[in-house]
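Asks: One structure follows; several queries about it will come next.
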Amino acid sequence: MSENVIWHGTTIILVRKNNEVVVAGDGQVSMGNTIIKSTATKVRKIEKRNVIAGFAGSTADALTLFERLEAKLEKHAGNLTRAAVELAKDWRTDKYLRRLEALMAIGDKEKSFIISGTGDVLEPEDDVIGIGSGGNYALSAAKVLMETDLSAEEVARKALKVASEICVFTNNNVKIEKI
């Protein structure tokens, strides 16, 4: 395989509605134009801290970052804002971490963030986050669906369905975590 092969295939949506927070992700992992796996799990829950996260990018990198997030949450007594900022700071400045290629959407009962390797910790203005190859499609669909009577989970599922019908790197094999 060439070193220039690009791994695609993630759509993550985080929806906050009616006191429910949901992170949903599709299951497709692609390498170039080939589907490598259709049942990947790209969402996780930190039970002890009631935090959910979805990740886009290299799986190994995302899992490393998820473990770091969990450690930061422990260190900062579950304060998601502080943990997110500290993770982003480490990600940007640490020689090893800054090579990791991933993006995270995280949330707890109060806040939601996008964390990137450039040191960004972004809190969305709306109650929806979309990341990954089909993230903008899912985000657009979810914004419209937020105006309906659908639950947060239903909004997330339908938004991923829309993304899977448009983005060739996204499938409709949805995994969900909620708090």
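Just so it is clear, none of the values below were taken in a lab; they were calculated from the coordinates. All of these numbers come straight from a predicted model, not from anything done at the bench. Here the Cβ positions follow ideal geometry from the backbone for every residue, glycine too, while neighbour counts run over all protein chains shown.
Asks: If Lys and Arg each add +1 and Asp and Glu each add -1, what is the summed charge of the other residues whose beta carbon sits under 13 Å from the beta carbon of residue 125?
Replies: That sum, taken over residues with Cβ under 13 Å, equals 0.
Asks: Here's another thing I want to ask about it. How about the range 42-135: which chymotrypsin sites (Phe, Trp or Tyr not before Pro) there lie in a loop by DSSP and see at most 14 other Cβ atoms within 10 Å?
Replies: 96
Asks: So, one more: Starting from the range 106-179, pick out the trypsin sites (Lys or Arg not before Pro) whose DSSP state is loop and whose Cβ has at most 14 other Cβ atoms within 10 Å.
Replies: Those satisfying the criteria are 109.
Asks: Rounded to the nearest Å, what's the spacing between the alpha carbon centres of the range 61-92 and the range 147-179? Just the number, please.
Replies: 26
Asks: What do you get when you divide the Cα radius of gyration of the range 17-128 by 2.2 N^0.38 Å, with N the number of residues?
Replies: This ratio for the range 17-128 stands at 1.06.
Asks: What GluC sites (Glu not before Pro) in the range 106-154 are in a loop by DSSP, with at most 16 other Cβ atoms within 10 Å of the Cβ?
Replies: Qualifying residues, ordered by number: 110, 125, 147.
Asks: Charges only on Cβ, +1 for Lys and Arg, -1 for Asp and Glu: so what's the dipole of the range 63-179 about the Cα centre, in debye to the nearest 20?
Replies: That gives the range 63-179 a dipole magnitude of about 440 debye.
Asks: In deg cm²/dmol and to the nearest 500, what is the mean residue ellipticity at 222 nm of the chain if only DSSP H runs of at least 4 residues count, each as -39500 (n - 2.57), divided by the residue total?
Replies: My calculation for the chain gives -10500 deg cm²/dmol from helical runs alone.
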